[in-house]
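Written out below as structure tokens is the structure these notes cover.
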Amino acid sequence: MTEAPAAPAPALTTRRAPGCPFDPPPVTQELREQAPVTRVSLWNGSTAWLVTRHEEQVAVLRDPRISADNQHPGYPSVSASFEATRAHNRTFITMDEPEHNAQRRRFTGDFTIKRTQSLRPRIERIVTDLLDAMEQTGPPADLVTAFALPLPSLVICELLGVPYEDHDFFQRCSAVMIDTRSAPEAALAASQELLAYLAKLVESKAEQPGDDLLSRLAAQYLLTGESTVDECAKQARLLLVAGHETTANMIALGTCALLQHPEQLAAVRDGSPQRVANAVEELLRYLTITHMGRRRVAVADIEVGGQLIRAGEAVICANDLANRDPEVFADPDRLDVDRAARAHLAFGSGPHQCLGQNLARIELQLAYPALLRRFPGLRVDRPLEELPFRTDMAVYGLHELPVSW
């Protein structure tokens, strides 16, 4: 067991190298090979332990001595805007047991494999309608606004009971909240604005319930006094934002990556459902859009990879690096849609593993082949190096993807 190194901590970066928008930053890949648990410097001058290998990350994310509670003083915020809103945005994903499980289990029934599979016909209908609209309008198109963003937005709105006609409002708030460059005041204002909107919606569901998650939440926990309007609204905000931001960026970024690999694209376009499902796992591994890592803080001394991490010290699990770990994935920097990639950490690991992963998988399994079959001549209208990748956001992806067919 070793103590912290005396040398200055290198600055943590999530910037991709020019021309390599799908790969983790080279400097962090070097850290995985040379110093798999190393202290790095953050945006505010504080430091954190960066855990880069797959084995150690799984151990950390499953260890109760490593806390997800963002109220701990040592918690490593992503940026000044995230620091300003962390208390306001506290939900079950930033809670520890038993509070975490008590809050999370309120929603698990709506995200089981059986429940999400029952949504498949409706998701297929949404996919078809969006592609019909794209075809009718004709090229060129921005794949983000025409397909990648509205698909998961419509699905999560129907699941929650949020009116889709308000999507411009909640997508604007969401964009400000997850932009690492947002002024703290702007991020807090957007968070409060969205929370107020959802609080009113939860109250209306309590009075006039429908067949949706927010109505069930209001009936089971608000009307019984087990929860407050504010608590329900905060959980709804998490599900709404996470439910469309992550999948939307996977659709756009995954399509862009496949267009750079025609043989892989053909396998997804023409493959069986089982092959497409496998391809989705590989795209999740290869792209890993949560490139800010899973952020934690130690609540007791713990040894990770031979390194002593003391109570109160920040920890960041770089999932994009773990998903390129050659000890787990052979030739990890190569996209191979036939690879057995289910060991990836794109959805995290342990008790905080992504609640919505089953829904995300179905959306991606339906979106990619349907898009590629409808438009077999799909192509990106701009050189890869000129595309606006979301290096400034907590969720990686593309701000826009101009395409023709």
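Dividing the summed -39500 (n - 2.57) terms of all DSSP H runs of n ≥ 4 by the residue count of the chain sets its mean residue ellipticity at 222 nm at -14000 deg cm²/dmol. Here the Gaussian network model covers the chain, with springs between Cα atoms less than 10 Å apart; of S174, S272, S79, S272 fluctuates the most.
Of all alpha-carbon pairs in region 88-164, indicate the percentage at a distance above 17 angstrom. More than 17 Å apart: 60 percent of the Cα pairs in region 88-164.
Taking all protein chains into account, the per residue accessible area for the chain stands at 41 Å² (1.4 Å probe). If you take the alpha carbon atoms of region 248-327 and fit the smallest convex hull around them, that volume is 128 Å³ per residue. Each of the trypsin sites (Lys or Arg not before Pro) that DSSP puts in a loop and that has at most 16 other Cβ atoms within 10 Å breaks the chain; the longest unbroken stretch is 182-309. The charge dipole of the chain, taken about its Cα centre with unit charges on the Cβ atoms of Lys, Arg (+1), Asp and Glu (-1) only, comes to about 460 debye.
Take the convex hull of the alpha carbons in region 153-303; its mean projected area over all directions comes to 13.5 nm². For region 96-232, the percent of C-alpha pairs falling in each 10 Å distance bin, counted from 0 to the bin holding the largest distance, reads 10, 30, 37, 19, 3, 0.
At q = 0.13 Å⁻¹ the log10 of I(q)/I(0) for the chain amounts to -1.16, computed by Debye summation with a single uniform scatterer per C-alpha, solvent ignored. Computed across region 119-177, the Kirkwood radius stands at 12.3 Å (inverse of mean 1/r, all Cα pairs). Here the 3J(HN,Hα) profile of region 84-96, calculated from phi with Karplus coefficients 6.51, -1.76 and 1.60 at θ = phi - 60°, is 5, 10, 5, 5, 5, 9, 5, 9, 5, 6, 10, 10, 9 Hz, Gly and Pro shown as x.
Against the 2.2 N^0.38 Å scaling, with N counting residues, where does region 263-405 land? I'd like the Cα-based Rg ratio to two decimal places. Against the compact-globule rule of thumb, the ratio is 1.22. Output the antiparallel fraction of DSSP beta bridges having both residues in the chain, as a percent to the nearest 5. Around 75 percent of the beta bridges assigned by DSSP in the chain are antiparallel ones.
Here, P(r) means the percent of Cα pairs in each 10 Å bin from 0 to the largest distance; for region 226-294 it is 17, 39, 23, 14, 7, 0. For region 139-211, the Kirkwood radius over C-alpha pairs fed into Stokes-Einstein at 25 °C and 0.890 mPa s yields D = 178 µm² per second.
With θ taken as phi - 60° and the Karplus curve 6.51 cos²θ - 1.76 cosθ + 1.60 applied, the whole-hertz 3J(HN,Hα) list for region 178-195 is 9, 7, 5, 8, 4, 5, x, 5, 5, 5, 5, 5, 5, 5, 5, 5, 5, 5 Hz, x standing for glycine and proline.
The values are calculated or read from the model by the stated rules, or taken from the named source; none is laboratory data. Owing to the predicted nature of the structure, the values given are computational and were not obtained by experimental measurement. Quick reminder, even Gly has a Cβ in these numbers, built from the backbone with ideal geometry, and neighbours come from all protein chains shown. Accessible surface is based on the protein model in full, side chains and every heavy atom, while ligands, DNA and RNA are left aside. Shrake-Rupley method; radii C 1.70, N 1.55, O 1.52, S 1.80 Å.
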